[in-house]
1. Kindly list, by first and then second residue, each pair from a residue in the stretch 148-172 that is over 9 Å from Leu45 (Cβ atoms) and acidic (Asp, Glu) to a residue that is in a strand (DSSP E or B) and at pLDDT 95 or above, limited to pairs with Cβ atoms under 7 Å and residues at least 6 apart or on different chains.
2. Condition check: away from ligand 1 (no atom under 15 Å from the Cβ) and under 25 Å from Val52 (Cα atoms). Does Thr174 satisfy that?
3. Residues in the stretch 157-201 that are surrounded by 21 or more Cβ atoms within 10 Å (Cβ to Cβ) and of a type in the set (Ser, Thr, Tyr): how many?
4. State which residue pairs qualify: first residue free of Cβ contacts under 8 Å to residues at least 40 places away in the same chain and more than 16 Å from Thr48 (Cβ to Cβ) and inside the stretch 60-75, second residue among the charged types (D, E, K, R) and open to solvent by 10 Å² or more (accessible area, probe 1.4 Å) in any location, beta carbons under 9 Å apart, and separation of 6 or more residues or different chains.
5. Which one is nearest to ligand 2 (Cβ to nearest atom) among residues in the stretch 13-47 that are within 17 Å of His154 (Cα to Cα) and either among the hydrophobic types (A, V, I, L, M, F, W, C) or surrounded by fewer than 24 Cβ atoms within 10 Å (Cβ to Cβ) (or both)?
6. Please give the number of the condition Asp217 fails out of (1) within 16 Å of ligand 2 (Cβ to nearest atom); (2) out of contact with any Phe, Trp or Tyr (no Cβ under 9 Å at 6 or more places or on another chain).
7. Residue check: is Glu305 away from ligand 2 (no atom under 16 Å from the Cβ), closer than 26 Å to Tyr21 by Cβ and open to solvent by 30 Å² or more (accessible area, probe 1.4 Å)?
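The values are calculated or read from the model by the stated rules, or taken from the named source; none is laboratory data. All values reported here derive from a predicted model rather than from experimental measurement. Cβ coordinates were reconstructed from backbone atoms using ideal geometry, including for glycine residues, and neighbour counts include every protein chain displayed. To get the accessible areas, we keep the full protein, side chains included, count just its heavy atoms, and leave off ligands, DNA and RNA. Shrake-Rupley method; radii C 1.70, N 1.55, O 1.52, S 1.80 Å.
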Amino acid sequence: MTTTLQDASPIIIAHRGASGYRPEHTLAAYELAIALGADYIEPDLVSTKDGVLIARHENEISETTDVASHAEFAHRQTTKIIDGESKTGWFTEDFTLVELKTLRAKERIPQLRSQNIAYDGLLEIPTLQEIINLVKGKSAEINRAIGIYPETKHPTYFKSIGLALEAPLLATLTVNGYQGANAPVFIQSFEVSNLQDLSTKTDLPLVQLLNNSGKPDDFAVSGNERTYADLATASGLREIAKYAQAVGVHKNLLVPRDSNGKLRSPTSLVTDAHAAGLLVHVWTFRNEDCFLPLDFQGNPQGEYELFFSLGVDGVFSDYPDTAGYHSTVQW
Ligand code: G3P
Ligand code: CA
């Protein structure tokens, strides 16, 4: 058993809230996550037309809201290139907050999570401020500090249209009292340059996300040839440690799978990251067999135990109760 960087229990980060049980990125999903024991809740952030930060996994919202059934917004359907990919639908930056508040969330994967369909049409898109209000209220109510783990989504794109995410994010965190390296906040990004810039403006902990393929979109735009695989090397991690305090990594970068979905031997990434002084938070843990490796079909707890045994410092989970219900770590 390898220990975590600071010898603490790994944190449970509720991925998009308790998104296994409620439509993702809704106050109901975040509230349930807190009730189920999450240490942090994770809002992915995009911008409205009027510059308000709201929680959505992507700026195209037809998969997670009822926007397509709003006749008054039919003319706003359009096609855009986002992070190098053509997307057709409705985009948050084309709506004011007041307009977005008329929409309701829906379950992203109803074929897998049919019990969540009952909540379709009931829940609003929350703002970052509303999420902070919930977290602070619940923390006081249950006398337990709950953290927030916001992600800047499509930062280069939003900067390109004059709706940069970082300034309103820092302003909102500051006005709500989140300051300093020990604040219960991690700011995450799949891009590099916005984190490097943030590191000059805030002491709040920063998290470099590492995917298991491809490259950061800001690298693609600037012509930087490095990939996530380059960033995940020992030397790449030492570079990250100059501006970030943690890496948020795809599970397969720690324990690769073969073509049949069976786990292979762990890599040295946890050891390398810890040697660089970086915490390692891993995504994404889900209960459903289609997301689990062959080795742990019907046994999501077993998957957590494997990763905890590698010394990871935190896990992003759709099911925070499952993440906390395991045999090897005392909570
Ligand atoms: O932010 C890390 C984790 O959430 C995985 O990324 O695509 O679900 O936002 P994503
Ligand atoms: Ca995320």
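1. What qualifies is Glu166/Thr152.
2. Yes; evaluated as a whole, the condition is true for this residue.
3. Count: 2.
4. Going by the 9 Å Cβ cut-off, the qualifying pairs are Glu72/Glu99.
5. Asp44
6. (2)
7. In short, yes.
Yes/no matrix, rows are residues, columns are (1) acidic (Asp, Glu); (2) in contact (Cβ under 8 Å) with a residue 24 or more places away in the chain:
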{"position": "Ser86", "(1), (2)": "no, no"}
{"position": "Gly89", "(1), (2)": "no, yes"}
{"position": "Leu100", "(1), (2)": "no, yes"}
{"position": "Ile117", "(1), (2)": "no, no"}
{"position": "Leu123", "(1), (2)": "no, yes"}
{"position": "Glu130", "(1), (2)": "yes, yes"}
